[in-house]
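Peer 1: Submitted below is the structure of interest, expressed as C-alpha cells.
Readers should treat all values here as calculations from the given coordinates under stated rules, not as data from a laboratory. Since the model is a prediction, treat every value here as computed from it, not as a measurement. All Cβ positions, glycine included, derive from the backbone under ideal geometry; neighbour counts span all protein chains shown.
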Amino acid sequence: MTETILSRALPSQGVTRRRVPPRRPPMTLDGLWNNVGFRSVLYQVLVIGAVIALAVYMIGNAQTAMDKRGISTGFGFLTQEAGFAIGESLIAYDSEDSYLRAYAVAIVNTLKVSVISVFGATLLGVLIGIARLSNNWFVSRLSSYYIEIFRNTPQLVQIVFWYTLVTRMPAPKQAWDISETIFLSNRGMVMAWPAAHAAWPWMLLAFVVACGGAYGVVQWADRHRRRTGRTVPVLWWNIGLVIALPTIVWWIGGAPTAIDVPTLQGFNFVGGMALSPEFLALLLGLSLYIAAFIAEIVRSGVQAVDRGQVEAARAVGLGRADLYMKVILPQALRIIIPPATAQYVSLTKNSSLGVAIGYPELFNINNTITTISGNTIECIGIMMAVYLSIAFSIALVMNVYNRAVQIKER
Amino acid sequence: MTTRPTISRALPGTSTRRPPPVRESGAPAWIRKNLFGDLHNTVITLLVLWALFVTVPGLFGWAVLDAVWVTDDPQDCRAAAGACWAVVAEKHRVMLFGTFPYEQHWRGVLVIGLIIAMSIVSTFKRFWSYGLFGAWVATVAIVLVLQLGGVFGLAKTGTHEWGGLPLTLIMFVGTVVGGLPLAVLLALGRRSTMPAIKALCVGMIEITRGVPLITVLFMASLMFPLFVPEQLTVDKVLRAQIGMILFFGAYGAEVVRGGLQAIPRGQYEAADAAGLAYWQKTNRIILPQALRIVIPALMNDIIRAFKNTTFVSIIGLFDVLGATATALEDPLWVLYAPEAYIFIFVLYFCFCFSMSKYSEHVERDLATGRNF
C-alpha cells in the first residue's frame, strides 16, 4: 500500500491523472472587494492619498499666509544678522552675528546644561538607588522619600520653584559664601576658578589619556589573570597613573597656581566661574528630577540580580569589592541601561523647559528667531531636526554601550 | 577530657550560669538590627541623626513656628522670620480657578469633584469595561457644559476664561480619554502588514517621541493656525489638547505594542483559524488580553500625562502653574513665590502620589496571577 501511495507522486509512473487546477472565480466587484490583497492595496492608496492631499493643502495655506505677510521662504535668512542678544553663551556671540551663529549658541547651551545634568543625575541617582537598598533604616527611608517626592511632582514646577528660590537669594553684597570661594546670591553662583593658562587644557587631556591608560591596564591585568591565574594588584598603580600624568603635564606646562577669586565690584561679582540663576535652576530641576528615576532603575536592576549569583560568589570566596564589581554590577548594568537611556533622552528633551525661566536653550532661541525672522516653517524644521538628532545620537551611543555589556553567549 | 557524663553538666551547681539569649523582637532588637547592626551602620546612623539635627529644627521653625498663616497685609510677612503661607490664603482662588469669573467658581468646584469622583470609581476593577469608557465620555460632556455655560441658564464662559485646577484636570482627562484610543490605533498600525500604514505609524510615533512635548504643543498652538485657512479658527485650549493627545498617543502606542507582542502567536492563529475578521479578532481576542498586560505601564504614562499638563502654561494657558504665576505678578506678594510654589508642589504631589500608589497596587494584583 505504501508503495502505491508513494508512486502516485512520481511523475513517470503514469498512475495518476493530471489534476486540473481549480478554476478562478469570475472577476466581480464583490469578489474584488473580498480579496484581502486588493483591499490592503486599496486602503494603503487611500491613506497615502489622504496624507499627501492634507500635506499639500496645509503647505498651500501656509504659503498663502506667508506671501500675504511678505515673508520669503527658504534657508537664506540664516546668514542674515540676528540683531538680538543672548544672555549667556560658551562661544563668542553678539547681536551682529548671523541667525546661524545664534542657533549654534543655542545648541551649545542646550548640550551644556544637558551633559552636566546627565552626569549629576547619574551620580545622585546611583547613590540614592544604592542607599535605597541600604540595611540602615534611616538611609533607606530618606532615599525612598526623596524618590517619591521628586518623581511625583511635575518637573516644570520643580524648575520654576528652584528659579524663584535662587532669585530670592540676597543680593551679591550680602551673598552667602562658603569659605570665600563659592558665593551664592540672586545673580547665581560664582566660584573661585583656576585663572586661564595654556597648561590647563593639556592637563585635562592628560587626565583623559591617563584614564584610558588605566582602563587598558585593568584589561591587561584581567587577561593576565585568566592566562596565568595570578592576580596583579593594579589599583594603586592606576591611582598613581591618573594622578601622576596630569601633574607632570601641569609641571611641564609651567605649573600655574594663579586662582581667579571672584570679587565684588559694584553690584555684581567679577572674575571666577559664574553660573547664572537660570542655568542653576535648570540644572537642579533636570538632574534632581531624573535622579529619582535613575535611582529606581538602579534599585530594580540590582534587585533583579539572582540571589544565587550572590551566594555563589560568596561560596567561591570572592571579596566584597569583587562581588560588586565582577558579579552584581555587570549583570545589573544589562537591566539598567535601556531604561536609563530613555531617561537621558527625556532629560535632554526637557532641557527645553528652560524657556519657562529664560535660559537661552534651543527652544527659547528658536522662538525668538521665529518671531523676528518670520520663517516659521524653516525654524520649526531646524529645531525638530536638532532635537531628533540629539535623541537618536544618545540612543545610538547607549545601544553600542548596551551591546558591549550584554551577555556574550556562545 | 574525663569520662564524666555530659548530662551531669545540667545538674545544679555543676555548670556555670549562661546569659539569656539576646531578644530578637521588639523595639530594642529592631533598633540594634536596623540602625546599629555593625560599625559601618552605626557611623551612618549617627551621621544621619546629626544631619537631621542640623536641618530639621531650622526648617520646622521656618515652616511652622515662625510662619505667618493668615493675613491680608504682606508687611506682616516681611516682619516675620518664617514662611508666609498667607500668600496661599490670599491667592488660592486665583491659583485654583485662574481667571474664571469669581461668582462662577462653584462650577469649577463641581468639575473638580466630578472628575475626582469618576477617577475613584475607575480604580475599582469591577467597573472595568467598555461601559466605563462610555461613562468617561459622558463625564467629559457634563464637564464641558459646566465649563462652557450658555445652556440651562448657566452664564456663558469662553475657554479663554478657563483656568486653575479645573483646566488642569480637563487637560489630563482629555489627554487620557483621547490618547488611549489613539495609542491603540497607532500600535495596531505599527504591527500592520500593510507597509504604507506601518511606515506612517512608525514615522508618527518616532518623530513625536523624538522631540520635546513643548515643541509639539508649540506646533499645535502657534503653527496650526498657519496651516489652515484664515477663516477657520480652532480654539486655543482645544489646540493644546490635540497636541497633548498626540504626544500621549505616541508614548502609549509603544506601551500597547509591548502588550500586543506579549500575546502568544497561538492566539492570533486560533482567531484566524476560527475565521474571525481583523476587527473581530482584534476587539475580542487580542486587545482584551494585551491591554490587561500593559495596565501598570500605561499607569506610568497616565501619571506623566498629569505632570505634563503643566507644560500648557508655557504656551499661555492658565492651568494651576500658569494661574499661580499670574497670581504672583502682584508686586505685594511676589516675594513669597517659593511658598506659593510649595503649595502647588504639594497639590500635584497628592494627585500623582495617589495614582502611583494605585499603580503599584494594580501591578501586585496582576502579578498574583489571572484573578480578574
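Peer 1: Estimate the FRET efficiency between A:A342 and B:R17 by the formula 1/(1 + (r/R0)^6), using the beta-carbon distance for r and 45 Å for R0, to the nearest 0.05. Intermediate values should be presented prior to the final figure.
Peer 2: Details: r = 63 Å, r/R0 = 1.41.
Rounded to the nearest 0.05, the efficiency is 0.10.
Peer 1: Normalised by the empirical 2.2 N^0.38 Å for globular proteins, what value does the Cα Rg of the range A:17-136 take? Numbers along the way, then the final one.
Peer 2: Numbers: Rg = 30.4 Å, N = 120, 2.2 N^0.38 = 13.6 Å.
Dividing the Cα Rg of the range A:17-136 by 2.2 N^0.38 Å gives 2.24.
Peer 1: To make sure I understand the rule: partners must be aspartates and glutamates, Cα under 12 Å from the Cα of B:K125, and not fewer than 8 residues away in the same chain. Which ones qualify?
Peer 2: B:D365
Peer 1: Based solely on C-alpha atoms, express the radius of gyration and the Dmax of the range B:128-187 in angstrom.
Peer 2: In Å, with Rg to one decimal and Dmax whole: 13.6, 44.
Peer 1: Return the loop-located trypsin sites (Lys or Arg not before Pro) in the range A:196-274 (DSSP other than H, G, I, E, B) with at most 16 other Cβ atoms within 10 Å of their own Cβ; answer none if there are none. Numbers along the way, then the final one.
Peer 2: Numbers: sites: A:R223, A:R225, A:R226, A:R227, A:R230; in loops: A:R230.
Passing both the DSSP loop test and the Cβ count: A:R230.
Peer 1: Check which residues have an amide H placed less than 5 Å from A:S98's amide H, if you skip close sequence neighbours.
Peer 2: Distant-sequence amide H within range of A:S98: A:A82.
Peer 1: If N is the number of residues in the range A:199-260, what value comes out of its Cα radius of gyration divided by 2.2 N^0.38 Å? Mind showing how you got there, number by number?
Peer 2: Details: Rg = 15.0 Å, N = 62, 2.2 N^0.38 = 10.6 Å.
The value comes to 1.42.
Peer 1: Taking the Cα-to-Cβ direction at B:T123 and at A:L133 and moving 7 Å from each Cα, how far apart do the two end points lie in nm?
Peer 2: 3.1
Peer 1: At R0 = 30 Å, how high is the FRET efficiency between B:L144 and B:A277 if r is their beta carbon distance? Nearest 0.05 is fine. Could you put the intermediate results ahead of the total?
Peer 2: On the way: r = 35 Å, r/R0 = 1.18.
Efficiency for this residue pair is about 0.25.
Peer 1: At most 16 other Cβ atoms within 10 Å and a DSSP loop assignment: could you name the chymotrypsin sites (Phe, Trp or Tyr not before Pro) in the range A:240-305 that fit? Spell out each step's value before the answer.
Peer 2: Details: sites: A:W250, A:W251, A:F267, A:F269, A:F279, A:Y289, A:F293; in loops: A:F267.
Passing sites in the range A:240-305 are A:F267.
Peer 1: What is the pair-distance distribution P(r) of the range A:356-410, computed from all Cα-Cα distances in 5 Å bins starting at 0, with each bin given as a whole percent?
Peer 2: 4, 17, 17, 15, 12, 9, 8, 7, 5, 3, 2, 1
Peer 1: Could you pull the Rg and Dmax for the range A:291-370, using just the Cα atoms, both in Å?
Peer 2: Every Cα atom of the range A:291-370 included, Rg and Dmax give 19.8, 65 Å.
Peer 1: For the protein assembly as shown, take every pair of Cα atoms, bin their distances at 10 Å starting from 0, and report each bin as a whole percent.
Peer 2: Spelled out bin by bin, the protein assembly as shown gives 2, 9, 17, 22, 20, 14, 8, 4, 3, 1, 1, 0 percent.
Peer 1: Each residue of the range A:344-354 in order: what ³J(HN,Hα) in whole Hz does its phi give by Karplus 6.51 cos²θ - 1.76 cosθ + 1.60, θ = phi - 60°, with x for Gly and Pro?
Peer 2: Residue by residue, the range A:344-354 yields 5, 4, 4, 4, 4, 5, 6, 4, 5, 5, x Hz.
Peer 1: While we're on this one: Percentage of Cα-Cα pair distances in the range A:66-118 greater than 14 Å, rounded to whole percent?
Peer 2: Working: 820 of 1378 pairs.
Value for the range A:66-118: 60 percent of Cα pairs lie more than 14 Å apart.
Peer 1: Collect residues whose amide H, placed 1.01 Å from N in the peptide plane, falls under 5 Å from the amide H of A:D260; neighbours closer than 5 in sequence don't count.
Peer 2: Result for A:D260 returns A:W193, A:A195.
Peer 1: Scan the range A:55-150 for GluC sites (Glu not before Pro) in coil per DSSP, keeping those whose Cβ has at most 13 other Cβ atoms within 10 Å, and list them by number. Each step should come with its number before you reach the end.
Peer 2: Working: sites: A:E81, A:E88, A:E96, A:E148; in loops: A:E88, A:E96.
Those satisfying the criteria are A:E96.
Peer 1: What spacing in nm lies between the two simple spin-label points modelled at B:H92 and A:A85, each 7 Å away from Cα in the Cβ direction?
Peer 2: The two pseudo-label positions are separated by 4.4 nm.
Peer 1: For the range B:91-99, just list the computed ³J(HN,Hα) in residue order, Karplus coefficients 6.51, -1.76 and 1.60, θ = phi - 60°, integers in Hz, with x standing in for Gly and Pro.
Peer 2: Listing the rounded values in order: 10, 4, 4, 5, 5, 8, 10, x, 9 Hz.
Peer 1: Another question about this same structure. Just B:V140, B:V176, B:V54 to compare: in a GNM of chain B, with alpha carbon springs under 10 Å, which one fluctuates most?
Peer 2: Top of the fluctuation ranking is B:V54.
Peer 1: Which three extents, in whole angstrom, do the alpha-carbon atoms of the range B:119-275 cover along their principal axes, largest first?
Peer 2: In descending order, the Cα extents are 58, 42, 27 Å.
Peer 1: Let a ≥ b ≥ c be the square roots of the eigenvalues of the Cα gyration tensor of the range B:221-372; is it rounded (a/c under 1.5), or, if not, prolate (a/b larger than b/c) or oblate?
Peer 2: Working: a/c = 4.95, a/b = 1.65, b/c = 3.00.
Oblate, because a/c is 1.5 or more while a/b does not exceed b/c.
Peer 1: Over 30 Å between Cα atoms, which of B:K198/B:K281; A:K349/B:K156; A:K349/B:K236 qualify? Mind showing how you got there, number by number?
Peer 2: Working: B:K198/B:K281 19 Å; A:K349/B:K156 39 Å; A:K349/B:K236 24 Å.
Over 30 Å apart, Cα to Cα: A:K349/B:K156.
Peer 1: Quick one: Kirkwood hydrodynamic radius for the range A:262-410, alpha-carbon pairs, angstrom, one decimal?
Peer 2: Over the range A:262-410, the inverse of the mean reciprocal pair distance is 19.1 Å.
Peer 1: Could you check the simple spin-label distance between B:W50 and A:R24, using points 7 Å along Cα→Cβ, in nm with one decimal?
Peer 2: Simple spin-label model gives 8.9 nm for this pair.
Peer 1: Give the Debye-formula value of log10 I(q)/I(0) at each listed q (0.16, 0.26, 0.27, 0.32 Å⁻¹), with one equal scatterer per alpha carbon of the range B:249-290, two decimals each.
Peer 2: Log-scaled intensity ratios, in q order: -0.41, -0.87, -0.91, -1.08.
Peer 1: For B:T123, which sequence-distant residues (separation of 5 or more, or a different chain) have an amide H within less than 5 Å of its own amide H, given hydrogens modelled in the peptide plane?
Peer 2: So B:T123 has HN proximity to no qualifying residue.
Peer 1: A further question follows. Need one word for chain B: rounded, prolate or oblate. Basis is the Cα gyration tensor (sqrt eigenvalues a ≥ b ≥ c); a/c below 1.5 gives rounded, then a/b vs b/c decides.
Peer 2: Values: a/c = 2.66, a/b = 1.29, b/c = 2.07.
Judged from the Cα gyration tensor, chain B comes out oblate (a/c at least 1.5, b/c at or above a/b).
Peer 1: Pop out the ³J(HN,Hα) list for the range A:102-115 in order, Karplus 6.51 cos²θ - 1.76 cosθ + 1.60 with θ = phi - 60°, rounded to Hz; leave Gly and Pro as x.
Peer 2: Each residue's phi maps through the Karplus curve to give 4, 4, 4, 4, 4, 5, 4, 4, 4, 5, 4, 5, 5, 4 Hz.
Peer 1: Set Lys and Arg Cβ to +1 and Asp and Glu Cβ to -1, take the dipole of the protein assembly as shown about its Cα centre, and tell me which of B:G98, A:Q63, B:M204 lies farthest positive.
Peer 2: B:M204
Peer 1: Also, quick follow-up: Take chain A, drop everything but the C-alpha atoms, weight them equally and run the Debye formula without solvent; then report log10 I(q)/I(0) at 0.07, 0.08, 0.15 Å⁻¹ to two decimals.
Peer 2: Each listed q maps to, in turn, -0.58, -0.71, -1.53.
Peer 1: Using Cα pairs under 8 angstrom and six or more residues apart, how large is the relative contact order of chain B, in percent?
Peer 2: Values: 362 pairs, mean separation 66.7, N = 372.
Result for chain B is 18 percent.
Peer 1: So what's the angle, to the nearest 10 degrees on a 0 to 90 scale, between helix A:235-252 and the longest Cα principal axis of chain A?
Peer 2: Approximately 60 degrees, to the nearest 10.
Peer 1: Taking a virtual spin label 7 Å from the Cα of A:N35 along the C-beta vector, which residues in the range B:255-285 bring their backbone nitrogen under 12 Å of it?
Peer 2: Taking a point 7 Å out along Cα→Cβ of A:N35, no residue of the range B:255-285 has its backbone N under 12 Å.
Peer 1: Enter the angle in degrees (range 0 to 90, nearest 10) between the Cα long axis of helix B:287-308 and the first principal axis of the Cα atoms of chain B, meaning the one along which they spread out most.
Peer 2: The helix B:287-308 is inclined about 90 degrees to chain B.
Peer 1: Same structure again: Relative to the Cα centre, what is the charge dipole magnitude of the protein assembly as shown, using +1 at the beta carbon of each Lys and Arg, -1 at the beta carbon of each Asp and Glu, and rounding to the nearest 20 debye? Mind showing how you got there, number by number?
Peer 2: Details: 62 positive and 44 negative charges, 938 e Å.
The dipole magnitude comes to about 4500 debye.
Peer 1: Please give the net charge around B:D272, taking every other residue with its beta carbon less than 15 angstrom from that of B:D272, where Lys and Arg add +1 and Asp and Glu add -1. Can you show the working numbers first?
Peer 2: Values: positive: B:R191, B:R265, B:K281, B:R284; negative: B:E269.
Counting the neighbours of B:D272, the net charge comes to +3.
Peer 1: Now for a separate question. Among B:R32, B:R265, B:R239, which one moves the most in a GNM of chain B with springs linking Cα atoms closer than 10 Å?
Peer 2: Among B:R32, B:R265, B:R239, the largest GNM mean-square fluctuation belongs to B:R32.
Peer 1: Sort A:307-316, A:211-220 by the packing proxy (mean of other Cβ within 10 Å over each peptide's residues), most packed first. Don't jump to the answer; show the numbers that get you there.
Peer 2: Working: A:307-316: 11.6, A:211-220: 13.2.
My ranking of the peptides, most packed first, is A:211-220, A:307-316.
Peer 1: Does the range A:174-223 come out rounded, prolate or oblate, given a ≥ b ≥ c as the square roots of the eigenvalues of its C-alpha gyration tensor, rounded meaning a/c under 1.5 and, failing that, prolate meaning a/b above b/c?
Peer 2: Numbers: a/c = 5.05, a/b = 2.54, b/c = 1.99.
Note, shape of the range A:174-223 comes out prolate.
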